[in-house]
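Below is one structure; the comments refer to it alone.
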Amino acid sequence: MTTATNTAQAARAKALEWINLGSKRLLIGGEWIGAASGKTFEVINPATEQLLCRVAEADSADVDAAVIAARRAFEAPSWAAMSPHARTRVLLKIADKIEQHIDELAAIESLDNGMPLWFAQGAVTAAVDIFRYYAGWCSKVLGTTVPSDGSTLIYTLREPLGVCGQIIPWNVPILMAAIKFANALCCGNTVILKPAELACLTSIRLAELIQETDLPPGVVNVLPGFGATAGAALAQHPGVDKIAFTGSTAIGKQIVRDATSNLKKVTLELGGKAPNVIFADADIERAVQTAVKTFCGNSGQVCSAGTRLFVQESIHDQVAERVAQVAATWKVGDPFAADTRLGPLISAKQRDRVWSYLGAGQDEGALLRAGGNAWTGPGYFVEPVVFHNVRNGMKIAQEEIFGPVLSIIPFKDEEDAVLQGNDTTYGLSAAVWTRNISRAHKVVRALKAGRLWINTFGESDPAMAFGGYKQSGWGREFGQESIEAYTQSKSIMVRL
Ligand code: ADP
């Protein structure tokens, strides 16, 4: 066995040791407890379809208890009066804890979600960076002084929102939990995280590691459970001050409706159908390699994935051919094998949904260039699928598929690329490939999306804001704007 294989197997063994410790519970007020109903649900390994463990299933009674604990913690002097510098130290400690457990957390994520171990290691490493980034913000949440005539002093304070409900999806859970926790905690809020029922284990392990730091009890609460019960109860709860949601646009709209109960603040990170635009003057080989990476990475289960590849007409056939060749080298298989590039999709339902788009694309006249072979054996695997000569109005180019399915769409010129690129209800991310610097900047300005790239795709930095135009969301995570999303301002006048 190679060293890489040994390391992967050691990480897998360590993860299983933790998983096999027994049923996982809810974290409420610093205690790990069973659900009030006594119910549990199954966690399935999507690569083997085998049961990994059972997890306590929170519902509205547990949400009530967590809200009480989080409110108490929010008002407790141990958290409310903690100096920003002390909060920085806590967040740095959490980052260190995650860093000490990168391989274990990554292996838990691979077993639970199916992503390749190398991809999971990248996600956990990003989680470390996120905590360190927000640790620095604790002492920089500034108010302002407002100009006045000298007879008054007017100033503002920027204060935390309170109890924040956070609902995350299953696609990259460790990263989702990290951004939600770090952002809220650095501003002085308390949190109740509801991880997705399909992949919740790293959220639980992360919360265990957080419990080993000096964070006061009740500041972080974790409630695994289902969306329609635990998730809805959190979104509707009058004792919750904010809901931060990452998931589908359909559920995002439901969250908004539920949040009207007490007009809690809402931020949403929703779906995407990103245009990735290659002009004929681009570095074609780099553009193609990255195009494959973005639609195949995490088996396409990424909201910012570049799923619409716009290629200038003169190079369309050449690019389609090369994309198909490169995609064919993206090996599907065991998430712990060193040469695996794509693991399984999260569930049988998701696999069947993705598979249905194969038929839909062909029915509308798109040409299938790669993929389409049925997977035999256990696991919800799907090989990369490449369609070319796609028209932007087709179902495969308009709907978020959340699987490794690419639509290659020809375009004429700059104007046409922008027109077609923007012809979508989504607006999360976009990219442009060209050697013409003016064209690059003109096109990114014209594309309606919250995060864009020139001559790259998918790279990330905690200081770079992320969020959607149009139906891809409300508000921003990461960067300075995310501090505003977890605080509110108060203005004060003093008569002198
Ligand atoms: P996906 O399609 O990626 O699974 P969803 O939007 O269905 O995305 O789920 C994302 C998260 O939202 C999960 O944690 C899920 O349990 C939760 N969720 C689903 N339905 C609701 C709901 N009605 N209210 C609150 N949360 C929900």
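The values are calculated or read from the model by the stated rules, or taken from the named source; none is laboratory data. Computed from a predicted structure; not experimentally measured. Positions of Cβ are generated from backbone atoms using ideal geometry, with glycine treated the same way; all protein chains shown enter the neighbour counts. Note: accessible area is taken over every heavy atom of the protein model, side chains too, but ligands, DNA and RNA are not part of it. Shrake-Rupley method; radii C 1.70, N 1.55, O 1.52, S 1.80 Å.
Can you find, among Trp79, Thr229, Phe310, the residue sitting farthest towards the positive end of the charge dipole of the chain, where Lys and Arg contribute +1 and Asp and Glu -1 at Cβ?
My answer, from the dipole projection, is Trp79.
Please list 3J(HN,Hα) in residue order for the range 12-27, calculated via the Karplus relation 6.51 cos²θ - 1.76 cosθ + 1.60 where θ = phi - 60°; whole Hz, with x for glycine and proline.
5, 5, 5, 5, 5, 4, 5, 4, 7, 4, x, 4, 8, 10, 8, 9
Distance cut-off 20 Å, Cα to Cα: go down the list Lys39/Lys253; Lys180/Lys265; Lys140/Lys194; Lys97/Lys293; Lys97/Lys265 and report the pairs above it.
Lys39/Lys253; Lys140/Lys194; Lys97/Lys293; Lys97/Lys265
What is the magnitude of the charge dipole of the chain about its Cα centre, with +1 placed on the Cβ of each Lys and Arg, -1 on the Cβ of each Asp and Glu, and no other charges, expressed in debye to the nearest 20?
With only Lys, Arg, Asp and Glu charged at Cβ, the dipole is about 860 debye.
Students often forget the sequence filter, so: which aspartates and glutamates lie under 19 Å Cα-Cα from Lys242 once same-chain residues fewer than 8 apart are removed?
Lys242 reaches Asp59, Asp62, Asp64, Glu75, Glu159, Asp258, Glu269, Glu477, Glu481, Glu484.
At 1.4 Å probe size, with the rest of the protein present, what percent of the exposed accessible area of the chain is carbon and sulfur atoms?
53
Compute and list, largest first, the equivalent-ellipsoid semi-axes of the range 275-461 from the alpha carbon gyration tensor, each √(5λ) rounded to a whole angstrom.
They are 26, 17, 15 Å, listed from largest to smallest.
Over the chain, give the accessible area per residue in Å² for a 1.4 Å probe, as an integer.
39
Going by average Cβ density within 10 Å per residue, which order do the peptides 283-293, 121-131 take, highest to lowest?
In descending order of packing, they fall as 121-131, 283-293.
Leaving ligands and nucleic acids out of the surface, order Leu111, Leu496 by accessible area at 1.4 Å, largest first.
Greatest to least solvent exposure: Leu496, Leu111.
If you count only protein heavy atoms and use a 1.4 Å probe, how large is the accessible surface of Met82, to the nearest 10 Å²?
Surface accessible to solvent at Met82 totals approximately 30 Å².
Regarding the chain, what's the average projected area of the Cα-atom convex hull, expressed in nm²?
If you wrap the Cα atoms of the chain in a convex hull and average its projections, you get 24.8 nm².
Calculate the length of the line joining the C-alpha centroid of the range 267-299 to that of the range 327-381, in whole Å.
Spelled out, the Cα-based centre of one part sits 18 Å from the other.
Helix-derived [θ] at 222 nm for the chain: sum -39500 (n - 2.57) over DSSP H runs of at least 4, divide by residue count, nearest 500?
-12000 deg cm²/dmol
Over 10 Å intervals from 0, what percent of Cα-Cα pairs in the range 367-496 sits in each interval?
10, 30, 30, 18, 7, 3, 2, 0
Can you grab the distance from the C-alpha centre of the range 1-20 to the C-alpha centre of the range 105-181, Å, no decimals?
29
By accessible area of protein heavy atoms, probe 1.4 Å, what ranking do Arg308, Arg445 get, highest first?
The ranking, largest first, comes out as Arg445, Arg308.
With all protein chains present and a 1.4 Å probe, how do Ile251, Ile437 order by accessible area, largest first?
Sorted descending by solvent-accessible area, the residues read Ile437, Ile251.
Charges on Cβ only, +1 for Lys and Arg, -1 for Asp and Glu, centred on the Cα centroid of the chain; of Gly359, Ala370, Gly427, which one is farthest towards the dipole's positive end?
With unit charges placed on the Cβ atoms, the residue in question is Gly427.
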